[in-house]
Amino acid sequence: MRFMSIVTSPRSETYGNPTPELLEAMGKLADREIKAGRMIDNGGLMPIEQGARITIRNGELSVLDGPFVEAKEVIGGYAISEFASKEEAVALAVEFMQLHKDHMPGWEGTCEVRAFAGPPTA
Amino acid sequence: MTAADAHRTILAVWRIEQPRLITSLARMLRDVPLAEELTQDALLAALECWPQTGVPELPGAWLMTTARRLAVDHIRRLPMLDRNHAFLLHELEQEQAETPDYDALLDDDIGDEMLRLIFTACHPLLPYDTRPALALRMICGLTTAEIARAFLVSEATVAQRIVRAKRTLTDSGLAYETPHGEELAERLSSVLEVIYLIFNEGYTAARGDDWLRPDLCSEALRLARAVVAIAPHQPEAHGLLALMELNASRTAARTDPAGEPILLLDQDRALWDRAQIQRGMRSLARAEERGGAGGFYTLQAAIVACHARAARAAETDWLRIALLYAELSAVTRSPIVELNRAIAVGMAEGPASGLVILDRIADAPELAGYHLLPSVRGDLLRRLGRHEEARAAFEAAAALAGNKRERELLLKRAREME
């Protein structure tokens with residue numbers, strides 16, 4: 001089963017960039033997961049200020065460049081992995097979040113674990 | 001959390017940690033099968049302990065400590081054979097007495113050890129039918145029950161295979177060694193063979209209603225990704241990964257709602273997984289960049305890629321497929337490959353050319369009793385307008401067909417020739 005794990009954190013808190021310790025720990029975890037054949041893709045995202053939003057509302061399509069003042073929760077990064085079960089996906093997300101707890105005190109956020117839609121196959 | 005939930009959570013954590021546990025213990029003990037056994041004991045300890053205490057904050061470190069303690073206990077119980085042994089024990093005890101640096105233990109680059117583990121589980125000296133089971137158990141962390149489910153055999157059979165395989169490893173002194181040089185290529189081909197075997201087992205067997213049946217295609221893909229990540233210079237590893245990604249990309253289109261198979265050329269290509277095809281194509285390119293274009297798996301991947309590239313069945317580049325089959329045929333010298341080449345040539349150049357190839361392999365002992373031989377012949381004859389001969393060929397194929405559905409289909413085709 002393929003899963004996407006998406007990390008979000010509240011916009012109102014400014015935590016700054018991840019600490020070097022956190023970056024190193026996350027790098028090691030990603031390396032391990034890639035070598036285990038589970039992780040297929042991952043990445044951190046640039047700040048939302050540099051992004052854009054393409055929206056359809058009331059039948060109107062609009063393209064809006066950042067910054068977006070109304071954004072409360074922003075996505076910081078994601079990983080796509082192949083797991084045998086949701087429990088495995090959760091176990092890895094817990095390990096990933098524990099790294100934040102250890103290496104970036106005070107940081108708050110959420111890691112959402114979502115299965116890909118579609119037939120439950122390779 | 002119910003007991004069943006806790007059990008599943010623990011198994012999930014353990015499965016993620018297991019390769020690292022085995023590799024770390026294998027290095028201590030110089031014995032992969034023994035290391036595997038002790039990690040199983042660590043799992044049992046977790047299953048006993050965690051439901052009461054909750055999952056520890058650092059479950060990996062907990063499992064590692066427990067497994068290493070079990071390993072030290074094991075060594076302590078061994079008869080003191082020589083000073084090396086005593087020295088090793090002394091060192092380990094010292095290490096155990098100091099506050100161990102789990103970060104260092106957990107951060108170890110497991111690449112080389114992992115490769116050794118994979119090579120050991122897929123050793124060519126192991127009985128053929130034990131290798132996939134051992135690989136799924138030692139590398140993928142599947143339980144005996146899960147492996148039994150996957151291969152539709154009894155748990156006792158799987159347990160027996162694993163015991164037999166481990167005994168072979170220990171008895172032949174292969175419990176801890178890494179191949180080098182020339183041997184490496186031969187050993188790698190055994191690893192790839194095991195992975196492909198696991199994939200095909202999952203690919204051919206319908207999943208049916210058993211949702212608990214582990215998905216062997218995913219396990220095989222994961223294994224191949226692991227091999228590619230650890231040994232990125234091996235072209236055939238990329239080739240195998242490409243072949244499996246490209247084949248797996250058709251999964252949603254391969255069966256109708258009733259679960260009946262749909263042939264490749266009749267499949268709804270909109271259901272093919274484009275992202276997976278792209279991954280397969282990238283792996284194929286990597287295999288070819290590394291000089292693997294003529295390899296067994298890479299050639300097969302290149303053939304499947306021709307199908308993946310065609311937006312409609314009619315756009316298939318049969319000429320290229322025929323050429324690739326010719327290359328593959330030179331590598332394998334297999335009449336089954338020739339049979340496939342006859343189909344491709346029949347599509348590319350016309351049925352008469354296909355028939356010429358078929359005539360050359362008509363007496364191959366490997367194809368005796370194989371229903372696809374007369375079935376393909378019938379199709380080529382039909383296209384040449386030789387209906388009476390085609391009918392006879394389809395009837396011969398029907399008589400050889402293994403399953404009812406196929407037999408009925410062939411008889412229907414025979415009747416159409418009247």
Practice problem: Among the numbered conditions (1) modelled with pLDDT of 90 or more; (2) surrounded by 24 or more Cβ atoms within 10 Å (Cβ to Cβ); (3) within 14 Å of chain A (Cβ to nearest Cβ), tell me where B:Val158 comes up short. | Solution: (3)
Quiz item: Looking at region A:16-58, which of its residues are within 12 Å of another protein chain (Cβ to nearest Cβ) and within 26 Å of B:Leu240 (Cβ to Cβ)?
Solution: A:Ala30, A:Asp31, A:Arg32, A:Glu33, A:Ile34, A:Lys35, A:Ala36, A:Gly37, A:Arg38, A:Met39, A:Ile40, A:Asp41
Quiz item: What about B:Leu409, is it among the aliphatic types (A, V, I, L, M) and modelled with pLDDT of 90 or more?
Solution: no
Quiz item: Can we say B:Ile321 is over 23 Å from B:Ala237 (Cβ atoms) and modelled with pLDDT under 95?
Solution: no
Exercise. Can you work out which of the residues in region B:294-313 that are in a helix (DSSP H, G or I) and touching a Gly at 6+ places or on another chain (Cβ under 6 Å) is surrounded by the most Cβ atoms within 10 Å (Cβ to Cβ)?
Key: B:Ala301
Quiz item: For region B:3-10, does any single residue satisfy the condition of being in a helix (DSSP H, G or I), of a type in the set (Asp, Glu) and over 11 Å from B:Ala67 (Cβ atoms)?
Solution: yes
Quiz prompt | Only one of A:Glu108, A:Glu112, A:Glu87 that is modelled with pLDDT under 95, within 25 Å of B:Asp5 (Cβ to Cβ) and acidic (Asp, Glu) | solution = A:Glu87
Quiz item: Which numbered condition trips up B:Trp211, out of (1) more than 24 Å from B:Ile343 (Cα to Cα); (2) at pLDDT 80 or above; (3) touching a Pro at 6+ places or on another chain (Cβ under 8 Å); (4) within 14 Å of chain A (Cβ to nearest Cβ)?
Solution: (2)
Quiz item: Would you pick out the residues in region B:346-388 that are among the aliphatic types (A, V, I, L, M), surrounded by 21 or more Cβ atoms within 10 Å (Cβ to Cβ) and without any contact (Cβ under 8 Å) to a residue 24 or more places away in the chain?
Solution: B:Ile357, B:Leu358
Quiz item: Is it fair to say B:Gly280 is within 14 Å of chain A (Cβ to nearest Cβ) and within 21 Å of B:Val191 (Cβ to Cβ)?
Solution: yes
Practice problem: Quickly run through region B:14-47 and pick out the residues that are within 12 Å of chain A (Cβ to nearest Cβ) and among the charged types (D, E, K, R). | Solution: B:Arg15, B:Glu17, B:Arg20
Self-check item: Search result, residues across region A:72-100 that are more than 8 Å from chain B (Cβ to nearest Cβ), of a type in the set (D, E, K, R) and out of contact with any Phe, Trp or Tyr (no Cβ under 8 Å at 6 or more places or on another chain)
Solution: A:Lys72, A:Glu73
Self-check item: Search result, residues across region B:241-273 that are away from every other protein chain (no Cβ under 11 Å), without any contact (Cβ under 8 Å) to a residue 60 or more places away in the chain and either closer than 29 Å to B:Gly141 by Cα or aromatic (Phe, Trp, Tyr) (or both)
Solution: B:Trp272
Quiz prompt | Flag for B:Asp266 being in contact with a helix residue (DSSP H, G or I) (Cβ under 8 Å, 6 or more places away or on another chain), under 21 Å from B:Ala220 (Cβ atoms), modelled with pLDDT under 95 and among the acidic types (Asp, Glu) | solution = no
Quiz item: List the pairs whose first member sits in region B:118-130 and is closer than 14 Å to B:Cys140 by Cβ, whose second member is hydroxyl-bearing (Ser, Thr, Tyr), and whose Cβ atoms are under 7 Å apart, counting only residues at least 6 apart or on separate chains?
Solution: B:Cys122/B:Ser190
Quiz item: Taking region A:73-111, which residues are of a type in the set (Asp, Glu) and surrounded by 15 or more Cβ atoms within 10 Å (Cβ to Cβ)?
Solution: A:Glu82, A:Glu87, A:Glu88, A:Glu95
Practice problem: Select, from B:Leu92, B:Leu136, B:Leu88, B:Leu169, the only residue that is over 26 Å from A:Asp31 (Cα atoms), modelled with pLDDT of 85 or more and assigned to a helix (DSSP H, G or I). | Solution: B:Leu169
Quiz item: Any residue in region B:252-270 that is more than 23 Å from A:Arg32 (Cα to Cα), of a type in the set (Lys, Arg) and in a helix (DSSP H, G or I)?
Solution: yes
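The values are calculated or read from the model by the stated rules, or taken from the named source; none is laboratory data. Quick caveat, the model's predicted, so the values are computed rather than measured. Positions of Cβ are generated from backbone atoms using ideal geometry, with glycine treated the same way; all protein chains shown enter the neighbour counts.
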